[in-house]
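Please treat every number below as a calculation from the coordinates, not as lab data. What you are looking at is a predicted structure, and each value in this text was computed from that prediction instead of being measured. So basically every Cβ, Gly included, is an ideal-geometry build from the backbone, and we count neighbours across all protein chains shown.
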Amino acid sequence: MSAFFHPQPPPSPTTARIAIVGTGSVGSTIAYALLHGSQYSDLLLVDVNSSKRDAQVRDLSDAACAEGSSTRMRCATLRDAAGCDVVVIAAGVKRRRAETRVQQLERTTAILRHIIDGMKPFLLPSTILLIVSNPVDVLTTLALKLTSLPSSQVLGLGTYLDTVRLRRIIAEELKISPQTIHADVLGTNNDSPQAGSPACSTAVICGLPLPESNATTDADLAARSWKECHLIATVKGAPIISVASSVARIISAIIYDNKAPVPLFGRMPDHATALPLGPMPINHFQEKLGCCVSLPALLGRQGVVRTVQVKLEEREEKKLARAAVSVRETVERLMGEGTIGGKEEE
């Protein structure tokens, strides 16, 4: 299984410390993806359920030993996490019977506030916060408002995995290598087929524009991608392995200070070099839109080094703007209702 996460030898080890908040199936699989190759000195696991956290640390420590990894697995608290180079938030709540999505979001938001309050003030001014929990666009925007960190240091997984899936679908349809495809899903990530939008007008296949790029193409690819994601979620709960693999690549790009596009395949480059695949979409703050959405970005030790500007067609710009309005309205409602402020209810 280790070859799935690192098909080629990883970069040289670093002294970086990574914290993962939430040790459920997603958080623990992220930890497993990160321990390969001894890339990081310590992986700190944090969970409100200390017994579960301790068991995960023991299990992952055995896995590290079996893999020959020198990365140390540690039980930790939120204050410990505040001193790490990267903090991954993978904590969330399952939807209760008869619970509305709004009620579930309010509980998820309360957990996010508790986590951030437990880490403030951050012990390292350079700490990068990476949100994996859903709805990632809303939670990343809220996390930015709740922390004192620069906007470049608060990121979300966003449509990274949606982009991976889109490229695979196109590659399978055309029977070519996905390494020859550059196509992104931009905007927001949630469980609706109308959410993230494939930017087909900017898609390049083997160096050539995607043929027949139009609204119908966009909608068809978006629907196919969403159906595959929905199938995975229905059968096994969540795309846990691919999420973990995606997070591992993002963290590697940050820690190794690539300042270059995050490659979709193969090993991370040792130096900042341009890659034909181009930058991958990462959820981060866009001042013009007033919230966090997924757009292509270059990553480095400071988080988002630069948003890569893409020339979209009018229909794509409008869909991106509508997605941003939805995120802003949700965040404003949560803040207006005091969901992220004041004393947390017992």
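Summary table
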{"quantity": "Region 275-327, Cα convex hull volume normalised per residue, Å³", "calculated": "83"}
{"quantity": "Backbone HN-Hα couplings from phi across region 246-252 [Karplus 6.51/-1.76/1.60, Hz, Gly and Pro as x]", "calculated": "5, 4, 4, 5, 4, 5, 4"}
{"quantity": "Hz values of 3J(HN,Hα) by residue in region 81-90 - Karplus curve (6.51, -1.76, 1.60), Gly and Pro given as x", "calculated": "4, 5, x, 9, 6, 9, 10, 9, 9, 10"}
{"quantity": "Sorted by Cβ neighbour density within 10 Å, fewest at the top, the residues Thr163, Thr202, Thr307", "calculated": "Thr307, Thr202, Thr163"}
{"quantity": "Charged-residue dipole, Cβ positions (Lys, Arg, Asp, Glu), region 17-172 about Cα centre, Debye nearest 20", "calculated": "440"}
{"quantity": "Distant-in-sequence amide H partners of Thr71 (H built 1.01 Å from N, under 5 Å)", "calculated": "Ser38"}
{"quantity": "Distant-in-sequence amide H partners of Val293 (H built 1.01 Å from N, under 5 Å)", "calculated": "His284, Gln286"}
{"quantity": "Cross-link pairs Lys52/Lys94; Lys120/Lys145; Lys259/Lys288 - those with Cα-Cα distance over 20 Å", "calculated": "Lys259/Lys288"}
{"quantity": "Prolate/oblate/rounded label for region 12-156 (Cα gyration tensor, a/c 1.5)", "calculated": "oblate"}
{"quantity": "J(HN,Hα) series, region 43-51, from Karplus relation 6.51 cos²θ - 1.76 cosθ + 1.60, nearest Hz, glycine and proline x", "calculated": "10, 9, 9, 10, 7, 5, 8, 5, 5"}
